[in-house]
Amino acid sequence: MNNFRNMLTSFMQGRYGVDDLYRFTTGFIFVLIVVNMFVNSGLLSTLVWVALAWSLYRVLSKDINKRRMENRKFMEKFGRPAKTKFSLLKKRFDERKTHKHIKCKKCGTNLRFPKKNVTMIVRCPKCGSRYKI
């Protein structure tokens with residue numbers, strides 16, 4: 001097993017490898033395979049094979065700068081907003097016992113207040129709207 005790992009390591013030296021775009025593509029391929037199990041479409045099968053070939057091409061590519069730029073563009077467009085939203089949801093979930101989160105109805109700002117056993121009137125710092133919580 002250790003010999004195989006050494007061979008794989010030496011093969012991958014100088015190649016791009018796995019990144020966020022590859023992980024997204026792999027998830028997309030998995031979703032397409034599951035959908036194709038129910039739909040049984042030749043077009044979906046072809047799309048699965050094309051996406052698989054493209055993702056393997058990216059992983060095994062030796063043009064590291066080009067693959068890095070592709071991943072950076074993907075992360076700017078899709079990755080960071082998704083990670084930001086996920087981290088916000090995780091933070092809210094972790095603080096659910098100590099803080100209350102509401103969204104301002106006028107400006108859409110996320111507001112965070114400590115939970116207390118009393119009724120409070122709070123003000124949005126951005127637009128000045130008042131809420132009773």
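The values are calculated or read from the model by the stated rules, or taken from the named source; none is laboratory data. If you're wondering where the values come from, they're calculated on a predicted model, not measured in any experiment. Methodologically, a virtual Cβ is constructed for each residue, glycine included, from the backbone with ideal geometry; neighbour enumeration extends over all protein chains shown.
Count of the range 55-68 residues, restricted to those that are assigned to a helix (DSSP H, G or I) and either touching a strand residue (DSSP E or B) at 6+ places or on another chain (Cβ under 7 Å) or surrounded by fewer than 14 Cβ atoms within 10 Å (Cβ to Cβ) (or both), is 7.
Let's see how each residue does on (1) assigned by TED's automatic domain parsing to the domain that holds Met12; (2) of a type in the set (D, E, K, R):
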residue: Val35; (1), (2): yes, no
residue: Ile64; (1), (2): yes, no
residue: Met75; (1), (2): yes, no
residue: Lys103; (1), (2): no, yes
residue: Val122; (1), (2): no, no
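One line per residue, one yes/no per condition, for (1) modelled with pLDDT of 80 or more; (2) of a type in the set (S, T, N, Q):
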position	(1), (2)
Asn65	yes, yes
Met69	yes, no
Ala82	no, no
Phe86	no, no
Glu95	yes, no
Thr98	yes, yes
Ile102	yes, no
Lys126	yes, no
Ser129	yes, yes
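The set of residues in the range 69-121 being in contact with an Asp or Glu (Cβ under 8 Å, 6 or more places away or on another chain) and assigned to a helix (DSSP H, G or I) consists of Asn71, Phe74, Met75, Gly79.
Condition check: under 27 Å from the mean Cα position of the chain (by Cα), free of Cβ contacts under 8 Å to residues at least 24 places away in the same chain and closer than 15 Å to Asp19 by Cβ. Does Lys73 satisfy that? So Lys73 fits the description; yes.
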